[in-house]
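First comes the structure, then the notes that go with it.
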Amino acid sequence: MPELPEVETVRRSLLPVILHKPIESVEVHYERILQHITPQEFQARLTGLRFLDLTRRGKYLIFHLERELELVAHLRMTGRLIYCSDSAIAQAKHTSVIFGFGSAGDLRFEDVRKFATLDLVKIGEYEQIKGLAKLGVEPLAEEFTVQFLQEITVNRSATIKGILLDQSKIAGLGNIYADESLFLAKIHPERTGNSLQKKELKRLHQAIQKVLGLAIEGQGTTLRDYRTGFGQEGSFQNELQVYGKKGEKCPRCGVDLEHKKVAGRTSHYCPTCQRE
Ligand SMILES: [Zn+2]
């Protein structure tokens, strides 16, 4: 699933090419991507409007439109939002929605697995989008501090891996970047929140920001489906230290990396660098 760096990369790539172009047509090829709205109403409300801005919260993309509307997209497992400068270019097989900009190309929402969603709401009215309404702190924002990490872990007997994946605490971390951050901070994914010392939380805080920053610089991690807003692969898969590398050598100490289920997710770690 695309995580913060991938969604942020899509945002940065699309922003300059979709801004202020009037939406001349809206084609809906997969109705169920639309939440709480019919394709007819969706087309009627969006046609003629322009995108004024594109922001991100956690793994959500928020397209700001004229008439105080916001179009909220979640890519889920395999969603891709791709700008095509020429509408004559053949559509991918699993294209769910196309926003046409006339002679200025189009924006295509492709999704093989069909879990992606689109919500059209009035500015800031997110009650119908539960995950967005309850999102926690942005890990690259100022509010994300060592003290905040301490507050969300101090009395918790849950695993640190589970706490990092909880979107209502920290927004945008998923399996890949949680594992990479824990490795960098030398913390075992099964450590409980209340067992972590201040110096470990400091390392974790630094590791999360470092890993996310480098992954954004690398335009995200493409293991299979993820593409940038221009349909290109990211490069951070080449920089991963532990994720998906069970049986390979730890780049720090050389022992075999392992994986196990933690908080319901396959978690990759070094049994020597990250002690239980
Ligand atoms: Zn190691």
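Tabulated data for the structure shown
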quantity: Residue selected from segment 38-84 under the condition β-branched (Val, Ile, Thr) and under 29 Å from Lys169 (Cβ atoms), by the criterion most open to solvent (accessible area, probe 1.4 Å); calculated: Thr55
quantity: Failed criterion for Cys270 (all others in (1) loosely packed, with under 15 Cβ neighbours inside 10 Å; (2) within 14 Å of the ligand (Cβ to nearest atom); (3) within 20 Å of Ile208 (Cβ to Cβ) hold); calculated: (1)
quantity: Residue check, Leu173 within 14 Å of Leu149 (Cβ to Cβ) and either of a type in the set (Lys, Arg) or not in a loop (DSSP other than H, G, I, E, B) (or both); calculated: no
quantity: Filter result for the condition that a residue is outside any helix (DSSP H, G or I), among the charged types (D, E, K, R) and open to solvent by 30 Å² or more (accessible area, probe 1.4 Å), over Lys199, Lys186, Lys210; calculated: Lys186
quantity: Test: Phe148 is part of a helix (DSSP H, G or I), out of contact with any helix residue (DSSP H, G or I) (no Cβ under 7 Å at 6 or more places or on another chain) and buried (at least 17 other Cβ atoms within 10 Å of the Cβ); calculated: yes
quantity: Criterion: under 18 Å from Ile123 (Cβ atoms) and in contact with a Leu (Cβ under 6 Å, 6 or more places away or on another chain) - qualifying residue of Leu71, Leu61; calculated: Leu71
quantity: Filter pass, Ile216 being open to solvent by less than 60 Å² (accessible area, probe 1.4 Å) and more than 16 Å from the ligand (Cβ to nearest atom); calculated: yes
quantity: Test: residue in segment 238-249 that is assigned to a loop (DSSP other than H, G, I, E, B), open to solvent by less than 20 Å² (accessible area, probe 1.4 Å) and within 15 Å of the ligand (Cβ to nearest atom); calculated: yes
quantity: The lone exception for Leu223 - which of (1) open to solvent by 70 Å² or more (accessible area, probe 1.4 Å); (2) of a type outside the set (Lys, Arg); (3) not in a loop (DSSP other than H, G, I, E, B) it fails; calculated: (3)
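The values are calculated or read from the model by the stated rules, or taken from the named source; none is laboratory data. In this text, all values refer to a predicted model and were calculated from it rather than measured experimentally. Neighbour counts run over all protein chains shown; Cβ positions are idealised from the backbone, glycine included. Surface accessibility is based on the protein's heavy atoms, side chains included, excluding ligands, DNA and RNA. Shrake-Rupley method; radii C 1.70, N 1.55, O 1.52, S 1.80 Å.
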